[in-house]
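Below is one structure, written out as C-alpha cells; the observations come after it.
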Amino acid sequence: MSETIDTLLSEDRIYSPAPEFRAQANMDDLSVYEYANTDPEGWWAQWAGRLDWFEHWTKILEWKQPYAKWFLGGKINACHNCVDRHVIAGRGEKVAWIAEGEPGDVRLFTYSDVLREVQKLANALKALGIQSGDRVCLYMGQGPELTLSMLACARIGAAHSVVFGGFSATSIHERINDASAKLVITADGAWRRGKIVELKKIVDDAMAMGCPTIEKVLVYERVGAPGTLTNGLAAPEYDRGVWDDSRDIWWHDLVPNQPAECRCESMDSEDLLFILYTSGSTGKPKGIMHTTGGYLTGTSATSYCVFDYKPTDIYWCTADCGWITGHSYVVYGPMANCVTQVLFEGAPDTPDKDRFWRIVEKHKVSILYTAPTAIRTFMKWGEEYPQRCDLSSLRLLGTVGEPINPEAWMWYHHIIGDGKCPIVDTWWQTETGAIMITPLPGMTDTRPGSATRTFPGVYATIYDEEGNDLVRTHGLPVGGLLVLKRPWPSMLRGIWGDPERYEKTYWSKFSDAYFAGDGAKLDQDGFFWLLGRVDDIMLVSGHNISTMEVESALVDHPAVAEAAVIGKNHDVKGQAISAFVILRGNVTGTEALNAEIRAHVAAKIGPLARPDDLFFTAELPKTRSGKIMRRLLRDVAEGRALGDVTTLSDPAVVSSLKSQYEDKEG
C-alpha cells in the first residue's frame, strides 16, 4: 500500500442534535473530551466508581505493552453489577427483559425475576461441578436462557464461551477443545424462519468428534417434541439428537429445584469474564479474552453515554449474544445501567418483513441498535413494511458492524427515525470490547456515514505503512491505517492459550500502537470515516481506493439497495473494480441500468472508481453475523477455487455468482 488511502467520496450533509434532545441528554458538555484526553486514567476511574466494588482498587492502570491491567487489586462481580445491585437499590420490579419468541410468545422478566432465576442456575452449575476458573460453552438460541447462562457463569466466576447458535458441529468442537470447557449448555432447538435449528443434535455431533474435557451437557427444552404447541404454533419435524443418560441433563429436571440464593464470587478485576472466538483469516479461530473490571467499566460507560439511557426507555439491540455486540450491548452494558430491553428470537422476515417494526410498535421501543446490513436489507424490501407500523416511540437510532453507507444512513434517518432521531454510528471490535468511535447524541454533529469522534478517553489516529502519524505529517483530510495509541479498560487481554499470536496479530506491525486491520480517513473537520478492512483496499492505477467508498456511491443510486465491490487482478491497472449489486424492490436489472449505475459512480466520486464489471444479484455472500465475504467474491472474479464457505449464512449464493461470472467471461 502506498502512503495514504485516496479519499474520494465527500459528504457535506450535517445534522446537529435537536435542542429538545440536547436539553435532556446524559452527555451535553464538550469539555469532557478535553478532560478525558488530559487525564484518561481519571476519566475511566470515574466510570469504574459508578460500579459496585467489593474491594476498591489500589492502582488504576499498569501498562506494559501489549498487556494492560486495570483497577489493580479491585474485587468485583459482573452479575452483581448487572442484577443484584438494582434489586438492592429497590429497582427489582423494573422489567429487565421483554423476551419475544418467533412463535409470538412473550415473557417478561423483572430484575427480581432475573436475580431469582440466575441464582438457581448458578447453583445448578455448581451441582454439575463447575467452579470459579472453569470454562463453560454456551450454544443456544437468542433468548433469556442464554442471557441467564452468561450471568450465572459470571456469578460463580466461571468463564463463558458463547458459540453462535448457527455454527456447525466442527466450530463447536474446536472451540470446546481450545478452551478445555467442562460443560455445554444448549437447547433442544431454536425457532428460525418457521424451522427448527437442531441445537442438541449439532452438539451431539460435536461430542462425537471428541471433546474429552466435557463432563455434562445441560439442555433447555425450548421447542419440545415435534407437534408441541408454542403460542399456537406446532413444532415441525426435527432431529432432537440422541439422549445420553450419563452425560445429558434436562434444565427442567435440575434448575427449578435449586435454592434461590447463591452468593456472588468476589472476582479480581483482571479475572477472566469470558472467551469469545473470532475467525482469523487463516488458521483456527482466536479466543479473545476479556476480564471483569475493565470490561464492565467500558461497556457500562459507553452504554450510558452513547445510548443516552433514561429510566423509561425500552431499548432493543438486535444482535445475537453469539457475537460481541450481544455480550456488550445486550447483556453487560445495558444491564449494568438497569435498562429495560427487548430480546427476540427468529428472523426479521418471519412471519413477515415487517417483524422488526411490529416489535417496535408493540413494545414501544425507544432506542434501536442494529446493523447496516440489516438496514440495507430493509431498503431492498421497500418502505411499505415500516410504514405499516407506528414507529413514533423511537427517539434514538444506532448502527454497528460494517461501515454504513451515507444513503443507508439517510434511509434509516428518514424512514425509520422520521427525521427526528439522532443516529449513533459506532465503530468497535470484538477485541476492543466496547465502542471506540461514536457520536455522543446530545452534543455531536453527525454526517451520514461517519462515526464522527473517538469516545472520550480513546486516542485514535491514522498511520501509514511505515508507522508515521499522517495527521501530524499531512494534516487533514487524510486516509490510511486506523490505530489506537492508548490503552483502554475494555481492551482484550490476549488470545486464549496463545500469547505469541496475540502479540503478532495486533502489536507487531507498529511498535507503539494497536492495529487490527481497518482503514479509515479523517475529514477536514477531524471526523472519522471507517473504510473497512485494509485487505479490502483496492490498488487501481496506483491509487488506493476503499471498497466502502465505491459501495457507498453505488448505493447512492436510487435503484440500488446493497452492493459489494472487490478489486480483481488487471494487467494494466494492477486491479480493476468489480461490483456486485442488489437492486431495490421490483427494479429489473438491464444492460442500460448497468451502464447507468457505473456512470453514476464515476460522476459521484470520479472516473477512476467506475467499475469495470457490474453484476446484478439477489444476494451477497455473508457470514452468519451479516458481514460481506469479499474474499470469496475475489475468488469468483479471479477464477480461483472457492475458499472456506462454512461460515456463510447461505453457501449457495457464491455458486450462483460464480456461474454468472463464468458465463460473462465465457
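The values are calculated or read from the model by the stated rules, or taken from the named source; none is laboratory data. Note that the structure is a prediction, hence the values are computed from the model and not measured. Every residue, glycine as well, gets a Cβ built from its backbone with ideal geometry; the counts of neighbours run over all protein chains shown.
A few points about this structure:
- Residue count for segment 196-242 satisfying the condition of being of a type in the set (Val, Ile, Thr) and within 21 Å of HIS173 (Cβ to Cβ): 8.
- Going through (1) crowded, with 19+ Cβ neighbours inside 10 Å; (2) modelled with pLDDT of 90 or more one by one, ARG584 falls short only on (1).
- Some residue of segment 164-182 being within 30 Å of ALA260 (Cα to Cα), in contact with a helix residue (DSSP H, G or I) (Cβ under 7 Å, 6 or more places away or on another chain) and modelled with pLDDT under 95: yes
One line per residue, one yes/no per condition, for (1) part of a helix (DSSP H, G or I); (2) farther than 27 Å from THR370 by Cβ:
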{"site": "PRO256", "(1), (2)": "no, yes"}
{"site": "GLU261", "(1), (2)": "no, yes"}
{"site": "CYS264", "(1), (2)": "no, yes"}
{"site": "PHE274", "(1), (2)": "no, no"}
{"site": "ILE288", "(1), (2)": "no, no"}
{"site": "THR299", "(1), (2)": "yes, no"}
{"site": "SER303", "(1), (2)": "yes, no"}
{"site": "PRO311", "(1), (2)": "no, no"}
{"site": "GLY326", "(1), (2)": "yes, no"}
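- Among residues of segment 214-236 that are at positive phi, those with a beta-carbon under 6 Å from a residue that is assigned to a loop (DSSP other than H, G, I, E, B) at least six positions away or on a different chain give the pairs GLY224/ALA235; ASN231/PRO103; ASN231/GLY104; ASN231/ASP105.
- Cβ-Cβ under 8 Å pairs, at least 6 apart or on other chains, segment 457-475 side closer than 19 Å to GLU34 by Cα, far side acidic (Asp, Glu): THR461/ASP469
- Across segment 274-293, not a single residue is classified as at pLDDT 95 or above, surrounded by fewer than 20 Cβ atoms within 10 Å (Cβ to Cβ) and in contact with a helix residue (DSSP H, G or I) (Cβ under 8 Å, 6 or more places away or on another chain).
- Condition broken by LEU476, with the remaining ones in (1) touching a Leu at 6+ places or on another chain (Cβ under 8 Å); (2) surrounded by 24 or more Cβ atoms within 10 Å (Cβ to Cβ); (3) in a loop (DSSP other than H, G, I, E, B) satisfied: (2)
- Residue within segment 344-360 that is under 16 Å from the mean Cα position of the chain (by Cα), of a type outside the set (Gly, Ala, Ser) and within 28 Å of LEU531 (Cα to Cα) present: no
- Hey, ALA520 outside the structural domain of ARG630 (by TED's automatic domain parsing) and among the aliphatic types (A, V, I, L, M) or not: yes
- Counted residues, segment 87-115 - those being closer than 29 Å to GLY49 by Cβ, out of contact with any Lys or Arg (no Cβ under 7 Å at 6 or more places or on another chain) and either modelled with pLDDT under 95 or not small (Gly, Ala, Ser) (or both): 11
- Residue match in segment 82-95 (condition: in a helix (DSSP H, G or I) and within 30 Å of SER450 (Cα to Cα)): no
- Note on segment 406-425: among residues that are modelled with pLDDT of 95 or more and buried (at least 24 other Cβ atoms within 10 Å of the Cβ), the one that is farthest from ALA563 (Cα to Cα) is PRO422.
- For segment 353-372, the criterion of being part of a loop (DSSP other than H, G, I, E, B), acidic (Asp, Glu) and farther than 30 Å from ALA158 by Cα is met by at least one residue.
- The residue of segment 459-473 that is surrounded by the most Cβ atoms within 10 Å (Cβ to Cβ), among those that are in contact with a helix residue (DSSP H, G or I) (Cβ under 8 Å, 6 or more places away or on another chain) and not hydroxyl-bearing (Ser, Thr, Tyr), is ILE462.
- Test: residue in segment 105-112 that is in contact (Cβ under 8 Å) with a residue 40 or more places away in the chain, within 30 Å of LEU476 (Cα to Cα) and either touching an Asp or Glu at 6+ places or on another chain (Cβ under 6 Å) or not in a loop (DSSP other than H, G, I, E, B) (or both): no
- First in segment 413-438 and outside any loop (DSSP other than H, G, I, E, B), second anywhere and modelled with pLDDT under 95, Cβ under 6 Å, 6 or more apart: ASP425/ILE404; TRP427/LEU530
- Matching entry among LEU391, LEU397 (being within 16 Å of the chain's Cα centre (by Cα) and either aliphatic (A, V, I, L, M) or part of a helix (DSSP H, G or I) (or both)): LEU397
- When segment 579-594 is filtered for residues that are part of a strand (DSSP E or B) and touching a Leu at 6+ places or on another chain (Cβ under 7 Å), the ones remaining, listed by number, are ALA579, PHE580, VAL581, ILE582.
- Among (1) out of contact with any Asp or Glu (no Cβ under 9 Å at 6 or more places or on another chain); (2) surrounded by 23 or more Cβ atoms within 10 Å (Cβ to Cβ); (3) within 30 Å of PRO19 (Cβ to Cβ) - the single one ARG453 does not satisfy: (2)
- Matching residues, segment 151-180, being in contact with a His (Cβ under 7 Å, 6 or more places away or on another chain) and surrounded by fewer than 24 Cβ atoms within 10 Å (Cβ to Cβ): none
- Scope segment 495-524; condition part of a loop (DSSP other than H, G, I, E, B), under 22 Å from the mean Cα position of the chain (by Cα) and surrounded by fewer than 21 Cβ atoms within 10 Å (Cβ to Cβ); matching residues: PHE515, ALA516, GLY517
- Residues located in segment 342-358, provided they are buried (at least 20 other Cβ atoms within 10 Å of the Cβ) and either under 21 Å from PRO439 (Cβ atoms) or among the β-branched types (Val, Ile, Thr) (or both): VAL342
- Identity of the residue in segment 30-81, of a type in the set (D, E, K, R) and assigned to a helix (DSSP H, G or I), that ends up nearest to LEU272 (Cα to Cα): GLU41
- Scanning segment 595-646 for residues being part of a loop (DSSP other than H, G, I, E, B), out of contact with any strand residue (DSSP E or B) (no Cβ under 7 Å at 6 or more places or on another chain) and modelled with pLDDT under 85 gives a total of 13.
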